[in-house]
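S.K.: Below you'll find the structure I mean.
FYI, it's all coordinate maths here, none of it is from the lab. Quantities reported herein were computed from a predicted structural model and do not represent experimental measurements. Here Cβ is always computed from backbone atoms with ideal geometry, including for glycine, and neighbour counts include all displayed protein chains.
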C-alpha cells in the first residue's frame, strides 16, 4: 500500500480523540503575534472567517463543531434545499482562519 493510501486510511479510521486533534485552524496574524502560535483548536464561540472555498469571505461565530464530519459550522453559512428549507453547511478546518478567541 502506498503512503498516501495509508495516511488517508489513518485519517478516516481515526478514533474520536485523534479526530478531535485534527480540528485545529490557523490563527490570524494578530493572534499569532499575541500567542506565538500558528494554529489552535477551534471551539464553539470563537470568531472565524472563511478564506477558501464556496463561502470565502464569510465572517461569524462558530456555532457547531462536528468531530465525526471533521467540520465547523459558522453563522450565516447555509444552503437551501429544493423545497426551500435551509440547512447548516460544515466547512473543513483547513479553509478557516480564527480571528478571535
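S.K.: For the range 21-62, what does the convex hull of the Cα positions come to per residue, in cubic angstrom?
M.R.: It is 84 Å³ per residue.
S.K.: Provide the packing ranking of 92-98, 41-47, i.e. peptides ordered by the mean count of other C-beta atoms within 10 Å per residue, highest first.
M.R.: Working: 92-98: 18.7, 41-47: 14.4.
Output ranking for 92-98, 41-47: 92-98, 41-47.
S.K.: On to the next question. Please order 82, 23 by the number of other Cβ within 10 Å, starting at the fewest.
M.R.: 82, 23
S.K.: Over all pairs of distinct alpha carbons, what does the Kirkwood formula give as the hydrodynamic radius of the chain, in Å?
M.R.: Evaluated on the chain, it is 14.7 Å.
S.K.: Counting only C-alpha contacts under 8 Å and six or more residues apart, can you give the relative contact order of the range 26-101 as a whole percent? Before the final figure, lay out the partial values.
M.R.: Values: 137 pairs, mean separation 25.6, N = 76.
Reported as a whole number, the value is 34 percent.
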